[in-house]
Amino acid sequence: MTTSLPARFGVPQELEARCARLKAEREGKRLTILVCCGTGCLANGSAKVADAFARELHARGIDADVGLAFKRTGCHGFCQRGPLVVMMPDETFYQRVKPKDVPKIVEQTVVGGKVIATLLYKDPNSKQRITRYHEIPFYQKQTRVAMRNIGLVDPRDLRDSLARGAYLAVAKALGAMTPEQVIAEVDQSGLRGRGGAGFSTGRKWRSARAAPGERKFVICNGDEGDPGAFKDRSILEGDPHSVIEGMIIGAYAVGAHEGFVYVREEYPLAVENLGHALCDARAAGLLGRNILGTGFDFDVQISRGGGAFVCGESSALMKSIAGMVGEPRAKYIHATDRGLFDLPSVLNNVESWSDVPVIIEKGAAWFAAMGTAKSKGTKAFSLVGKVKNTGLVETPMGITLRELIFDIGGGILNDRPFKAVQTGGPSGGCVPAHLLDLPIDYEKLTEAGSMMGSGGMIVMDDRTCMVDVARYFTRFLWDESCGKCTPCREGLSQLQIVHDRICRGLGREEDLPLMERLGAVMETAALCALGKSANFPVKSTLQYFRDEYVAHVRDKRCPAGICKDLTIYRIIDEQCNGCGACLRVCPSKAITGKPKQLHALDQGLCISCGACFDVCTPMNAIAFDPRPHAAAVPPAAPGAAPARRNS
Amino acid sequence: MSATAAAPAIPEPDLAPVDAILAGYPQTETSLVQVLQDVNRTFNYLPCHALEKVAASLGVPLARVFSVATFYKAFSIKPRGKVIIRICTGTACHIRGAPLLVDEFVRHLGIRAGETTPDMGFTLETVNCVGACAMAPVVIAGPRHHGGLSPADVPDVIQGKSDDD
Ligand SMILES: Cc1cc2nc3c(=O)[nH]c(=O)nc-3n(C[C@H](O)[C@H](O)[C@H](O)COP(=O)(O)O)c2cc1C
Ligand code: FES
């Protein structure tokens, strides 16, 4: 901590000089310790690790060493291996760090300059220990644009962001470009929305600029309702200044002076860090009246969402900011003409905003050089599910699903067979194994019956039941449907009833075409994109995994062994070595046996959860079969949809 | 849906904090969701009389206040337990076994999702993704996140134990 908070910057040149000075200062450090304090690592206990570092450095009196910096940063993306500690400039990467490891790290690495092998990442495939961040396969194929600063800066310290060049694009845009030039640059970069449908950002801005009216808004969509996606959270938590910077540039381009960031209530740390960043930016004259002395006024407020998936939809989100119930309206009214408070508004996703400053700084051509013909630049993906390396990654568009899942993700958990990857959130679809070499871009995913959405990639193995997945999404959307239009509200209820009976072994073969007909009606008749795409998960699973549906309805069998009403588990006596792994994970105490002796499974106690099956990987001594007389399971009350969640 | 049927009558809490919250916002309908967020956080739910106060102060019909209060998932109009256990049932958590965790919590606590134990100790909720998907399945018990849980870990989570204790 050598220099104080920047005073108000009066002109762009002051900011530029200050950024250069801070950069040199940061680069002069002998050692920088970065402790990840993103939500993932915090959940793994990284706050205690960071505290331990602060204590230990202080106790040894080395916290005063100007050559040393210690920072609590945002998410490095590799959440699964957290808490993560990275030492720069050598990029020494320690994972699964516990508070008790800290004295040793300070002693041996910080003071002694030696690497501690046991804390290094061990590649599950090559079994090699890897020292440096960029040598880890998870990071090797990544190119970080939207996530360029996350993990490297302390989100609570504006100077850190300035040292990485934050707000230089604002200085350039406001100081040396006309709004039209800004729009042209963004348009030529080919940037398309990173939150949903992939609409051209430049075109959207141009319409908003052209819309009549003095008062306009720019809005950041940080609702991130797609379950399984968490890039927006990481960006807002770990690098809020890039989002603010993007919004200032967007506001200048369209002629807006007020901005909102809509963040989900489930993301308290994002709200906190963003609030902090807004205060810092205001104090430094980067936000508010007369930004950087250029005469342009713009400020941003935070609006906390109330936890409703539909509020991620543009018109519902704007209603929610206005304090109302988030019900969407028909799409023929464009937000760029009549959005928030019925005034022209530009809504973009967090990641889109974060991409903007880089485009302005490095130019449209630089950005457009990455990606595919129609999908330019990079994209953040959250790689989760049954994959070895889970976390956040950013790569150029056009990377194949195979590279993403097998090279970066390290393959499927426990080396089981890959079945599908679900992309695009609840309105997306499941892409099967034969399409693994698909280059990821907006068009290719849509052709495959899925969509880009916000970049959630949920990997599924042979232990994932596709009927159950479709049922899951149907239930999710039924629960989240605002209920305003009939096709969505009733269509989802009916789809859910049909799925429920199929998973209970009471399905009929006619159910499959019935669901397809129902889905087609919803697609044409629903009011907003939620209802129009609500059948996509069902449609894509029926398209690619029809055999699984048929197994459920005709043979009363769940091929993945997930649907409890259709599955019983048993121990294969010849293969059981009495290791006790299954016994320890069985929640219903259905398995008994002495160590090193054959175990027994009591069918009366077994709840068919399959926990034993999943741990018995070396011996494969657990098997599952179709439940006899599955059809005898009593039916649910006819036509009864499950009770709605009471609030 | 009489989730807390067995719950003892809860005395209406002291509403003084509501005035303080209202004082921090412009007195217009636009502030409604933000005010309710703060009230919900302060009391752990939205007390009925607090809603009346908010309606009067912001000049919004009470029916509209209730409509907003029951639309958003973050709000509860019923008192909730001391510890709120939120099981993530987002996609990543679902395929890594969240439904089994729900079953286990239901079994151990004797309540269904959305309900509160009669002693007001626990409220069980399911949420659609908390953004920690890389550590699926995730459960948030009170302030603590727990990742990578299996059904056998459920009793420890209820007792507030964690790995680093
Ligand atoms: C039901 C529904 C939910 C949506 N949820 C989100 C969301 O959580 N985040 C987001 O950025 N966009 C979401 N969208 C897309 C938005 O409507 C909008 O297209 C997007 O925020 C525009 O920003 P972009 O052009 O930068 O992608 C959703 C759309 C629908 C129909
Ligand atoms: S799906 Fe559970 S945290 Fe995202």
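The values are calculated or read from the model by the stated rules, or taken from the named source; none is laboratory data. What you are looking at is a predicted structure, and each value in this text was computed from that prediction instead of being measured. All Cβ positions, even for glycine, are placed from backbone atoms using ideal geometry, and neighbour counts span all protein chains on display. Each accessible area value is taken on the protein alone, full model and side chains, heavy atoms only, with ligands, DNA and RNA left out. Shrake-Rupley method; radii C 1.70, N 1.55, O 1.52, S 1.80 Å.
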Do any strands (runs of 3 or more DSSP E) entirely within region A:388-465 hold 2 or more residues that are within 12 Å of chain B (Cβ to nearest Cβ), and if so, which?
A:391-396, A:418-423, A:456-461
Conditions: (1) within 20 Å of A:LEU404 (Cβ to Cβ); (2) open to solvent by 10 Å² or more (accessible area, probe 1.4 Å). A:ILE136 meets all but one. Number of the miss?
(2)
Kindly establish whether A:PRO587 is more than 14 Å from chain B (Cβ to nearest Cβ) and closer than 30 Å to A:ILE412 by Cβ.
no
Just give me the residues in region A:63-85 being more than 18 Å from A:GLU25 (Cβ to Cβ) and either of a type outside the set (Gly, Ala, Ser) or touching a His at 6+ places or on another chain (Cβ under 6 Å) (or both), in sequence order.
A:ARG72, A:CYS75, A:HIS76, A:PHE78, A:CYS79, A:GLN80, A:ARG81, A:PRO83, A:LEU84, A:VAL85
With the first residue restricted to region B:64-81 and required to be more than 7 Å from every other protein chain (Cβ to nearest Cβ) and among the acidic types (Asp, Glu), and the second required to be open to solvent by 60 Å² or more (accessible area, probe 1.4 Å) and not in a helix (DSSP H, G or I), Cβ contacts under 7 Å at 6 or more apart or on different chains are none
Which of the helices (runs of 4 or more DSSP H) found entirely inside region A:123-182 contain at least 3 residues meeting this: farther than 29 Å from A:ASN414 by Cβ?
A:158-163, A:168-176
Only one of A:ARG203, A:ARG215 is within 13 Å of ligand 1 (Cβ to nearest atom) and not acidic (Asp, Glu); which?
A:ARG203
Residue hits (region B:106-146; near ligand 2 (Cβ under 9 Å from one of its atoms) and open to solvent by less than 20 Å² (accessible area, probe 1.4 Å)) are B:VAL127, B:CYS129, B:VAL130, B:GLY131, B:ALA132, B:CYS133, B:ALA134, B:MET135, B:ALA136, B:PRO137, B:VAL138
Looking at this structure, is A:SER303 open to solvent by 10 Å² or more (accessible area, probe 1.4 Å) and hydroxyl-bearing (Ser, Thr, Tyr)?
no
What single numbered condition from (1) more than 25 Å from A:ASP547 (Cβ to Cβ); (2) out of contact with any Lys or Arg (no Cβ under 9 Å at 6 or more places or on another chain) fails to hold for A:CYS488?
(2)
Of the residues B:GLY97, B:GLY59, only one is over 16 Å from the mean Cα position of the chain (by Cα), of a type in the set (Gly, Ala, Ser), closer than 30 Å to A:ILE607 by Cβ and within 13 Å of chain A (Cβ to nearest Cβ); which?
B:GLY97
Give me the residue from region A:370-395 that is open to solvent by 10 Å² or more (accessible area, probe 1.4 Å) and not aliphatic (A, V, I, L, M) and, out of that set, nearest to A:GLY456 (Cα to Cα).
A:LYS386
Based on this model, can you work out whether A:GLY213 counts as away from ligand 2 (no atom under 16 Å from the Cβ), of a type in the set (Gly, Ala, Ser), assigned by TED's automatic domain parsing to the domain that holds A:ASP187 and not in a loop (DSSP other than H, G, I, E, B)?
no
Of all the residues that make up region A:442-454, how many are of a type outside the set (A, V, I, L, M, F, W, C), in contact with a strand residue (DSSP E or B) (Cβ under 7 Å, 6 or more places away or on another chain) and away from ligand 2 (no atom under 16 Å from the Cβ)?
3
Test each condition in (1) surrounded by fewer than 24 Cβ atoms within 10 Å (Cβ to Cβ); (2) over 13 Å from A:PRO344 (Cα atoms); (3) within 14 Å of chain B (Cβ to nearest Cβ); (4) more than 16 Å from ligand 2 (Cβ to nearest atom) for A:GLU265 and report the one that comes out false.
(4)
In the set A:PRO396, A:PRO426, A:PRO417, the lone residue that is in contact (Cβ under 8 Å) with a residue 24 or more places away in the chain and out of contact with any helix residue (DSSP H, G or I) (no Cβ under 9 Å at 6 or more places or on another chain) is A:PRO396
Which condition from (1) within 14 Å of another protein chain (Cβ to nearest Cβ); (2) of a type outside the set (A, V, I, L, M, F, W, C); (3) open to solvent by 10 Å² or more (accessible area, probe 1.4 Å); (4) away from ligand 1 (no atom under 13 Å from the Cβ) is the one that A:GLY312 breaks?
(4)
Test for A:SER493: is it open to solvent by 10 Å² or more (accessible area, probe 1.4 Å), at pLDDT 95 or above and among the hydroxyl-bearing types (Ser, Thr, Tyr)
yes
Note on region A:140-193: residues open to solvent by 10 Å² or more (accessible area, probe 1.4 Å) and polar (S, T, N, Q) are A:GLN140, A:GLN142, A:THR143, A:THR178, A:GLN181, A:GLN188
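Yes/no matrix, rows are residues, columns are (1) at pLDDT below 95; (2) closer than 13 Å to A:VAL243 by Cα; (3) not in a loop (DSSP other than H, G, I, E, B):
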| site | (1), (2), (3) |
| --- | --- |
| A:VAL261 | no, yes, yes |
| A:GLU266 | yes, no, no |
| A:LEU274 | no, yes, yes |
| A:ARG282 | no, no, yes |
Would you say A:VAL243 is more than 11 Å from A:VAL350 (Cα to Cα) and among the β-branched types (Val, Ile, Thr)?
no
If you go through region A:469-479 one residue at a time, how many are facing chain B (nearest Cβ under 10 Å) and either in contact with a Pro (Cβ under 6 Å, 6 or more places away or on another chain) or surrounded by fewer than 22 Cβ atoms within 10 Å (Cβ to Cβ) (or both)?
4
Right, A:VAL538: free of Cβ contacts under 8 Å to residues at least 60 places away in the same chain and either open to solvent by less than 20 Å² (accessible area, probe 1.4 Å) or not assigned by TED's automatic domain parsing to the domain that holds A:PRO417 (or both) or not?
no
Return the pairs, sorted by first residue and then second, in which the second residue is within 11 Å of ligand 1 (Cβ to nearest atom) and of a type in the set (A, V, I, L, M), the first residue lies in region A:222-237 and is at positive phi, the beta carbons are less than 8 Å apart, and the residues are 6+ apart or on different chains.
A:GLU224/A:VAL350
When the residues of region B:67-90 are filtered to those that are out of contact with any helix residue (DSSP H, G or I) (no Cβ under 7 Å at 6 or more places or on another chain) and β-branched (Val, Ile, Thr), which remaining residue is farthest from ligand 2 (Cβ to nearest atom)?
B:THR70
Need the failing condition index for B:GLY160 against (1) on the phi > 0 side of the Ramachandran plot; (2) open to solvent by 10 Å² or more (accessible area, probe 1.4 Å); (3) within 16 Å of ligand 2 (Cβ to nearest atom), just the number.
(3)
Just to be sure I understand, how many residues within region A:101-122 are part of a loop (DSSP other than H, G, I, E, B) and surrounded by 14 or more Cβ atoms within 10 Å (Cβ to Cβ)?
2
